[in-house]
Structure formats: C-alpha cells, structure tokens
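The values are calculated or read from the model by the stated rules, or taken from the named source; none is laboratory data. Note that the structure is a prediction, hence the values are computed from the model and not measured. For neighbour counting, all protein chains shown are included, and Cβ atoms are generated from backbone atoms with ideal geometry for every residue, glycine included.
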C-alpha cells in the first residue's frame, strides 16, 4: 500500500474517533448512557419524552393516504429479508470455519433499541424495529460479503464504487499483475484475523 493511501486511512480512523467522541458528548447532552448495551435515560427525561408522544389513533387518522397505500408493499419486503438473513447466516456458518474466517456477529449489525424511545407510539416503534432489522441486516450481509471478497477476490475495481469498506483499501490494485498473488495471500491472512 502506498504511503499516501496509508496516511489517508490513518486520517479516516482519526475522523471516526472524533465522530464517536462527538456522538458520546451528544448522548451526555441528551442525558442517556449505555449500560451493557442498553440505553438508560434519567427518569425526568423519560417523563418529558412521554409528553411528546403522538397518540396512536391520532397518528393513524392523520396519516397520508400514500403511507397507508404503500404500507403492505413496504412490510412485504420482510419475507425476502428474512430469507436473506437465513441464507447468509447458514453460508457463513458453513463456509467461514472451513477457511478460517471469523464469523460476523449479527448483534453487531442488527441493533434493536430505537423502539424503546418513550416519545414514539406503538406504530412508530414497530417501524423502527422494521428499519433496524432491514438496514442492520444489509450491513451484516455486506460485512459477510466483504470478508468473502477479501479472502477470494481482493482486487480493487477499475471504476469508483459507491461504498467503501476499510479493508478495500488493502486490496490489490486493478491491473497489478506482478503483486496480485502476494496481495491475495496477504488479504487472506488479514481475513482470517477478521481484519
């Protein structure tokens, strides 16, 4: 990897640390903390949150027609999502141990906590669970696919991609035939370490 690329990755890591710190400071401002992966609000904050909750009947009565009309199509996506979840979980359970690749922990990606916010009504909470599952699942699947790619095909694309996972920077440069075999071996070792 070039020195310039290494420096950019270092800066990205520093920015991620700064972002994490800013989020932590914001959490302190909003008066909650994480205890064993559970969010705990101060009681007076919970009481204030409940005052902002829109009653479910009012929420549904004032819903836009388009929201009601498209809801069945939105919720029906849970079927292919559940199939994808099952398929990818089976895939990594069988294939990752065979190649010494650490399994991806589902709980690191599919996180259910937003439904516990007291200012959300029952339908909003249900929607938060649905979105947490869908988006968390896609991130979980992306990580499984990324670890697979790092082991089997760690070559950068010639074209710019819209997504960028940190391990991608370590892939073999597109067209770099002379370093490809060494790069594959290096990336396989990194994949086996979960990097």
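Here are the numbers:
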{"item": "Of all residues making up segment 88-112, the number that are assigned to a loop (DSSP other than H, G, I, E, B) and closer than 21 Å to residue 128 by Cβ", "result": "4"}
{"item": "Candidate set: segment 137-154, residues that are surrounded by fewer than 17 Cβ atoms within 10 Å (Cβ to Cβ) and more than 17 Å from residue 75 (Cβ to Cβ); chosen: the one modelled with the lowest pLDDT", "result": "153"}
{"item": "Residue that is farthest from the chain's Cα centre (by Cα) [pool: residues in segment 110-128 that are over 19 Å from residue 46 (Cα atoms) and surrounded by 15 or more Cβ atoms within 10 Å (Cβ to Cβ)]", "result": "127"}
{"item": "Residue within segment 76-87 that is assigned to a helix (DSSP H, G or I), over 20 Å from residue 125 (Cα atoms), in contact with a helix residue (DSSP H, G or I) (Cβ under 6 Å, 6 or more places away or on another chain) and at pLDDT 95 or above present", "result": "yes"}
{"item": "Residue 53 vs. criteria out of contact with any strand residue (DSSP E or B) (no Cβ under 6 Å at 6 or more places or on another chain), in a loop (DSSP other than H, G, I, E, B) and either under 30 Å from residue 121 (Cβ atoms) or at pLDDT 80 or above (or both)", "result": "yes"}
{"item": "Test result for residue 169, within 19 Å of residue 2 (Cα to Cα) and in a helix (DSSP H, G or I)", "result": "yes"}
{"item": "Test: residue in segment 127-136 that is farther than 30 Å from residue 59 by Cβ, at pLDDT 90 or above and part of a helix (DSSP H, G or I)", "result": "no"}
{"item": "Residue within segment 24-45 that is assigned to a helix (DSSP H, G or I), surrounded by 12 or more Cβ atoms within 10 Å (Cβ to Cβ), in contact (Cβ under 8 Å) with a residue 12 or more places away in the chain and within 18 Å of the chain's Cα centre (by Cα) present", "result": "no"}
